1. Output yes when any residue across region 177-198 is touching an Asp or Glu at 6+ places or on another chain (Cβ under 9 Å) and either charged (D, E, K, R) or over 21 Å from Leu127 (Cα atoms) (or both), and no when none is.
2. Return yes when Pro170 is of a type outside the set (Asp, Glu), surrounded by 15 or more Cβ atoms within 10 Å (Cβ to Cβ) and outside any helix (DSSP H, G or I) and no when it is not.
3. For region 209-227, give me each residue that is part of a loop (DSSP other than H, G, I, E, B) and in contact (Cβ under 8 Å) with a residue 60 or more places away in the chain.
4. Keeping to region 196-208, report how many residues are surrounded by fewer than 19 Cβ atoms within 10 Å (Cβ to Cβ), small (Gly, Ala, Ser) and outside any loop (DSSP other than H, G, I, E, B).
5. Tell me, which helices (runs of 4 or more DSSP H) lie completely within region 31-127 with 2 or more residues that are among the charged types (D, E, K, R)?
6. Would you confirm whether or not region 62-81 contains a residue that is under 30 Å from Leu133 (Cα atoms) and not small (Gly, Ala, Ser)?
7. For the condition crowded, with 20+ Cβ neighbours inside 10 Å, modelled with pLDDT of 90 or more and hydrophobic (A, V, I, L, M, F, W, C), what is the one hit in Leu212, Leu192?
Amino acid sequence: MCMIEVRNLSKTYGRGEACVHAVKNISLKVKKGGFLAVMGASGSGKTTLMNILGCLDTQTKGEYYFDNTDVRKLSPESKVHLRNKRIGFIFQSFYLLPMLTARQNIELPMVYSGVPPKERRRKSAELLEMTGLANRASHLPGELSGGQKQRVAIARALVNSPSLILADEPTGNLDSKTGADIVEILKALNELGTTIVLITHEKAVASHAKDLIVLKDGRIVEEGEAK
C-alpha cells in the first residue's frame with residue numbers, strides 16, 4: 001500500500017522565455033512505513049517536490065495520490081486538513097516562535113486544531129520526554145542549542161500523530177554528532193511505522209534511509225535502495 005504515489009509530475013513557474021521547469025515528469029512511489037531520501041544539488045527540484053508532497057504547492061501537470069486520495073480533487077479546506085492532520089514538517093531553519101517556550105512551540109499546532117489544554121499539556125510532555133527535552137520545557141528558543149531546537153521542531157511535527165513526515169535538510173545547521181542524533185530519532189519514528197521523506201545533500205545522512213532518489217534539473221537521474 002502506497003502512502004505517496006506521483007505520476008508524471010511537473011511544475012513550471014512563469015511563462016515564455018521566463019518559464020522555469022522546477023520539476024519535470026517525475027514518477028515515484030513511497031510505501032506506507034517507507035523511508036525515502038531525496039538528494040540533488042541546489043536548484044535540482046528537491047524543495048519544489050517536497051512542497052507539492054506537503055500540499056504547500058500544486059503541480060502544473062501530473063497526478064499526486066496521498067494514501068489513495070487524488071490531491072488535485074481536494075478542496076482548499078480539505079488540503080489544509082490533510083496538511084495539518086496527516087503531515088508533519090521539519091525544516092533546516094527550525095521555524096520556532098522566539099517568544100514561546102519549547103512546550104508552547106510544540107503545543108501550537110494543537111492550539112490551531114482545537115485540542116483541549118489538558119490534552120495539549122499531556123501530549124507535549126510525552127513528546128518532550130521522547131526527544132530528551134523534558135528539562136528544557138520552559139526554555140525559549142534563544143536558550144536552546146541548535147540540536148535542541150531541532151528536537152523541539154521534531155516534537156512539534158509529531159503532535160498530531162502524522163502519517164507522513166517531510167524533513168527538509170533537518171541536519172543542515174547542525175554539527176555531525178547532533179545531526180546523527182536527529183537521524184536516529186527519524187529512524188526510530190520510521191521503525192514505529194511513520195513514513196518519512198528526507199531531503200538531504202549529505203550521502204551519510206541519506207544512507208540511513210531505505211530508498212533513494214537523486215534529482216538533477218528537475219528530473220530523477222538515479223533511484224534505488226539507499227546505501
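The values are calculated or read from the model by the stated rules, or taken from the named source; none is laboratory data. Because the structure is predicted, anything quoted here is derived from the model rather than measured. Reconstructed Cβ throughout: ideal geometry from the backbone, glycine too, with neighbour counts over all protein chains shown.
1. no
2. Yes.
3. Result: Ala209, Lys210, Asp217, Gly218, Ala226.
4. 1
5. The helices (runs of 4 or more DSSP H) meeting that bar are 76-86, 102-112.
6. Yes, region 62-81 has at least one match.
7. Details: Leu192 fails: crowded, with 20+ Cβ neighbours inside 10 Å.
None of the other options fit; the residue is Leu212.
Here's the yes/no breakdown for (1) surrounded by 14 or more Cβ atoms within 10 Å (Cβ to Cβ); (2) modelled with pLDDT of 95 or more; (3) not hydrophobic (A, V, I, L, M, F, W, C):
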site: Thr48; (1), (2), (3): yes, no, yes
site: Ser78; (1), (2), (3): no, no, yes
site: Leu140; (1), (2), (3): yes, yes, no
site: Gly147; (1), (2), (3): yes, no, yes
